Amino acid sequence: MARRAKSSTQLRHSDRAFLGRSSDPDDLEIVRSEGSFVFDAHGERYIDFVMGWCVGNLGWAPAEVHAAVERFRGPDYVEPSALYKPWVELASLLAAIAPGRLRKSFRATGGTEAVELALQAAQSFTGRKKFVAIADAYHGNSIGVKALGRRTIKPPLDGAALQRVERALQRRDVAAFIMEPVICNLGALAPDEEFMRGLGELCEEFGTLLIFDEVACGFGRTGRLFASEHFDVEPDIVCLAKAITAGVMPMGATIMTDEVADGLDDDFSFYSTYGWHPRSVAAAIANVKFWKRHGKAILANVVARAEEFEARLGAIDFGCAAEVRVKGLAIGIEFEDEGYAEKLQERCRKAGLLISADDDMAMLFPALTIDEKTVARGIDILEGCASS
């Protein structure tokens, strides 16, 4: 036991000395992951209700995606200006499953780059510079993305909010309205259908592009392949990342309609050195093909497990007022007491369950392939920690 503690202390010291972070790491050293579980350096197993924040949607170590990467015998790298057949194959697969009239994919390394590319494309297409986003929503870490906070729409996202949207767009100086169709970092906040329908109409009226950030909520997270499919509105641009490779390799993608892609001005240029690395492409192709074969069964499992989460979580006495929001397996619990969620997260981790927390919000993003037994065991731990 003393040797374990010494090893952990040494790692934490080295982490602090050499690794830049915006906050201190959890007291947890992950060495292996499989299915809905992760394992620490001491052999302890944890139920993972975070999955890298919607990264491992098929569970950790999905066999078919891993096999595709292991079989890969292509080039180490492809110059962006070159032709590469798997790029075209992946782009055509994405066009076939993407919502609405989305067709052309641009390469990216991850979610932040995919969003940055979408913003630049919107500016190029419209000739405008401004953006509107949902207040406190998250879209990545670039300077351009962080500047989105200059003009925002505060929840609730209902019919009344459309008046605020109209005021923001009516000057015709907004290049794009960007949002997650289901907002994960706000506790799986789902807009009203009236809001989404009206948003689409207002964007069209004022010449504003509609960008849906599906980096976290895409690939089945909300019970549909893409969260935008819950609503009767078509985006001009969609951003993907995270589960696009089932978490096996890093990748992002920005997909847009032919109209937008063909209407970019001559000065538009977005160069991504490592966008769609050959091995990442192999993983993404395998992932999309897996979804094409098994998507119906996966989404049925999401619906069934979501019902279990909603019933069980709604019955837990957290000791304070709590609102449970469930949209597929995007799950948020908003507490009346600020700071409660982070205390709950710490207690759960010590008991063998990983959840995400931020101030008054706990968020659960389990694997879409999780089974009934693991759901029940995880919620048992959560309930026990809520009452401790």
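Brief remarks follow.
- Per residue, the average separation of C-alpha pairs within less than 8 Å and at least 6 apart gives segment 65-291 a relative contact order of 31 percent.
- Taking mean projected area of the Cα convex hull in nm² as calculated from this structure, the corresponding entry among (i) 18.6; (ii) 20.1; (iii) 17.4 is (ii).
- Among beta bridges from DSSP that stay inside the chain, the antiparallel ones total about 70%.
- Selected from A63, A175, A306 as most flexible by GNM, with the chain as the system and alpha-carbon contacts under 10 Å: A63
- Separation in nanometres of the label points that stand 7 Å from Cα toward Cβ, at A376 and E338: 4.0 nm
- Cα centroid separation - segment 235-288 against segment 311-388, whole Å: 33 Å
- Max mean-square fluctuation residue, GNM over the chain, Cα-Cα springs under 10 Å, options A190, A243, A311: A311
- Candidates H13, G378, P366 compared by Cα position along the dipole of the chain: farthest toward the positive end lies H13, with charges placed on Cβ.
- Once the chain from D232 to W53 is taken as fully extended at 0.36 nm per residue, the excess over their C-alpha distance is 61.8 nm.
- Segment 65-291: radius of gyration over Cα atoms, expressed as a fraction of 2.2 N^0.38 Å: 0.99
- FRET efficiency for the A351 to E307 pair, using the beta carbon distance and R₀ = 30 Å, is estimated at 0.80.
- Cα-based Lys proximity count in segment 65-291, under 29 Å, for pairs eight or more positions apart or on separate chains: 18
- Taken about its Cα centre, the chain carries a charge dipole of about 1160 debye when Lys and Arg each add +1 at the Cβ and Asp and Glu each add -1 at the Cβ.
- In units of the rule-of-thumb radius 2.2 N^0.38 Å, segment 335-376 shows an alpha carbon radius of gyration of 1.26.
- Surrounding net charge for P75, when Lys and Arg each add one and Asp and Glu each subtract one, Cβ distance under 14 Å: +1
- Pair S23, K129: separation of 7 Å Cα→Cβ label points (nm): 3.4 nm
- Cα-based helix-to-principal-axis angle, 372-386 vs the chain, degrees rounded to 10: 70 degrees
- Of the peptides 209-218, 261-270, the ranking by mean beta-carbon count within 10 Å, highest at the top, reads 209-218, 261-270.
- Other-chain or far-sequence residues with amide H under 5 Å of R32's (modelled H): F39
- Lysines with Cα under 20 Å of K296, excluding same-chain neighbours fewer than 8 positions away: K327
- The phi-based Karplus calculation (6.51 cos²θ - 1.76 cosθ + 1.60; θ = phi - 60°) puts the 3J(HN,Hα) values of segment 292-308 at 5, 7, 10, x, 4, 5, 4, 5, 5, 5, 4, 4, 5, 5, 4, 4, 5 Hz, whole numbers, x for Gly and Pro.
- Counting DSSP beta bridges with both ends in segment 65-291, the antiparallel % (nearest 5): 45 percent
- Rounded if a/c under 1.5, otherwise prolate or oblate - segment 23-88, Cα gyration tensor axes: prolate
- Two-site label geometry, Y84 and F268: point separation in nm, points 7 Å out along Cα→Cβ: 2.2 nm
- From its DSSP helices (H runs of at least four residues, each -39,500 (n - 2.57)), the chain gives a residue-normalised ellipticity at 222 nm of -12500 deg cm²/dmol.
- Protection proxy ranking for 89-100, 19-30, using the average of other Cβ atoms within 10 Å per residue and placing the highest first: 89-100, 19-30.
- Measuring nothing but alpha carbons in segment 61-178 and taking Rh as the Kirkwood radius, the Rg to Rh ratio lands at 1.07.
No lab work stands behind these numbers, since they all come straight from the coordinates. From a predicted model like this one, the values you see are computed outputs, not experimental measurements. Counting neighbours? That spans all protein chains shown, and the Cβs are built from the backbone with ideal geometry, glycine included.
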